[in-house]
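Data first, discussion second: the structure below is written as structure tokens.
What follows is calculated from the coordinates using simple rules that are stated; it is not laboratory data. Just so you know, these numbers come straight off a predicted model, no measurement behind them. Using ideal geometry, Cβ is built from the backbone for each residue, glycine included, and neighbour counts are taken over all protein chains shown.
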Amino acid sequence: MRIVLLGAPGAGKGTQCKRIVERYGLLHLSSGDILRQERAAGTKLGEKAQSYMDSGVLVPDELIVEMMACAINKAPAAGFVLDGFPRTVNQAAQLDKSLAREEQKIDAVLNLEIDDKVVTERMTGRRSCPQCGTVYHIENLKPKTEGRCDHDGAELVQRPDDSLEVVQNRLKTYHQRTEPVVNYYKNSPVAPAFYHIDANKEADKVSASIFESLDALVSV
Ligand SMILES: [Zn+2]
């Protein structure tokens, strides 16, 4: 089973991916992780990507697709879940071409749908411990003493990534560049099974909807 998981930042893609790969024995392919691994290993692709990042420009689609295609080739027969990729319509189209060369295709697309307001609350409410890295939330996961880490008493901070401005920018980029990928897959000649998943709910309920959809697909 070859799956693409789409959704805004903060929709819980990482968490759901972990649960999907456990249940169905798939490989989790996160574009962020793969990019980091390639750079750390100093591969040719990694070095190329690094040079773009050093100069502050986006890593071009071709390079990302090449990197992901390499990782996909090493996936087990059971299949994989793509997380954080494809991020643009161009990447999605190139991925289809690359898979077609191996006589493969994407079987299912899961779209985690979440309101901007919920994402904003989730992300801007996070507080992290600068000493041990534990993450809290001002509403949903409060520390025992307000503003202090349960483990070491350090003063909790909001990471720059979780500031309102950064979250709003990421959402804007998502709506502009990644949301069109949803329509790409809906109209794709490859016609993967497409599932709308309500990601405003808590993680366990989201997992339950995902499993219901995929179980039906697997048993066909
Ligand atoms: Zn701590």
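Summary table below
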| item | result |
| --- | --- |
| Value of Rg/Rh across the chain [Cα atoms, Kirkwood radius] | 0.98 |
| Quotient of C-alpha Rg and 2.2 N^0.38 Å, computed over region 103-220 | 1.38 |
| Rough spin-label spacing in nm, given labels placed 7 Å along Cα→Cβ, for residue 168 and residue 93 | 3.3 nm |
| Listed pairs 117/144; 44/117; 142/186; 48/205 exceeding 32 Å between Cα atoms | 44/117; 142/186; 48/205 |
| Radius of gyration and Dmax over the Cα atoms of region 19-127, both given in Å | 15.6, 46 |
| Span from the region 1-32 Cα centroid across to the region 108-128 one, whole angstrom | 15 Å |
| For region 1-55, alpha-carbon Rg relative to the globular expectation (2.2 N^0.38 Å, N residues) | 1.37 |
| DSSP bridge orientation in the chain - percent antiparallel, rounded to nearest 5 | 25 percent |
| Sites excluded, trypsin sites (Lys or Arg not before Pro) in DSSP loops with at most 14 other C-beta within 10 Å, longest stretch of the chain | 145-220 |
| Ratio of Rg to Rh over region 28-92 (Cα coordinates, Kirkwood Rh, two decimals) | 0.96 |
| Cα pair distances of region 97-144 binned at 5 Å [whole percent] | 5, 15, 14, 12, 10, 9, 8, 10, 11, 5, 1, 0 |
| Per DSSP, loop GluC sites (Glu not before Pro) in region 75-120 with at most 13 further Cβ within 10 Å | 102, 103 |
| Pairwise FRET efficiency - residue 218 versus residue 70, Cβ, R0 = 35 Å, nearest 0.05 | 0.85 |
| DSSP-assigned coil residues among GluC sites (Glu not before Pro) in region 119-153, each with at most 12 further Cβ atoms within 10 Å | 139, 146 |
| Under the Debye formula (equal points on every Cα, no solvent term), log10 I(q)/I(0) of region 138-191 at q = 0.28, 0.30 Å⁻¹ | -1.03, -1.08 |
| DSSP-loop GluC sites (Glu not before Pro) across region 148-220, with at most 11 other Cβ within 10 angstrom | 202 |
| Neighbourhood charge, 14 Å Cβ-Cβ cut-off, centred on residue 146 and excluding it, Lys, Arg +1 and Asp, Glu -1 | +1 |
